[in-house]
Every structure is written in C-alpha cells, then in structure tokens.
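Read-outs: derived from the displayed coordinates by stated rules, not from any lab. Keep in mind that what you see is a predicted model, and the values were worked out from it rather than measured. So basically every Cβ, Gly included, is an ideal-geometry build from the backbone, and we count neighbours across all protein chains shown.
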Ligand SMILES: [Zn+2]
C-alpha cells in the first residue's frame, strides 16, 4: 500500500509527482518507517543521443521538483524556469567560502 493511502493525514505538500509528508504525530507515518522508505535513491536514467548533442533523462529539478532538470556537462542544473528566477547549481572552492562555511 502506498504511503499516501496508508497515511493520508501525513501529506504536507503535494504537486504532480512530488509529495512531502509530516511524520511522527498521531495518525502520521512514523519517522523510522519514512527513513526506511527513503533509504534507496530513485533510479535516475540518462539517455545520450549518439550524436553527443542531445540527452534525455528523468531527473527532476531540485528547486521546483516538478519539471525536468537541465543536464549540463554531466551535472544537473535547475530547470530553465527556475534558472530564469536565478537558481543555479554551483561548486564553491575553499577560497570562495565564508569563514562560517569551512565546517562543511
Ligand atoms: Zn525548476
């Protein structure tokens, strides 16, 4: 039985194929059960065109969670709509980090 059917009161936010749940309260999914459900990552599949110019995939945007991410040089970036809003995927060097970010 799906989590949605088993714990309908747990649903906190739902949009297309993205669902967030409350846990641990009366009638809500126990957190330990949620951890077990989330142990395995979803299967992401990328299909490269033999020209090397095209690729299609099933990775969702990490910002809006409902559109496809954009694959750029092997790294997934936010969807085009979220990029227009200013969202980006970045890798910071240690020199670019603030003093309080060095613990990361
Ligand atoms: Zn997006």
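Please report, in whole Å, how far the alpha carbons of the chain spread along each principal axis, starting with the longest.
Reported extents, whole Å, longest axis first: 49, 44, 26.
Given the DSSP H assignment, sum -39500 (n - 2.57) over each helix run of at least 4 residues in the chain and divide by its residue total; what's the result at 222 nm in deg cm²/dmol, nearest 500?
-3000 deg cm²/dmol
If I model a spin label as a point 7 Å beyond the Cα along the Cα-Cβ vector, how far apart are those points for residue 58 and residue 31 in nm?
Those two pseudo-labels are separated by 3.1 nm.
Would you calculate the separation in nanometres between label points at residue 20 and residue 2, each defined as 7 Å from the Cα along the Cα-to-beta-carbon direction?
Taking the simple label geometry, residue 20 and residue 2 are separated by 2.0 nm.
Please identify, among 69, 77, 34, the residue showing maximal mean-square fluctuation in a Gaussian network model of the chain using a 10 angstrom Cα cutoff.
Highest fluctuation of the listed residues: 34.
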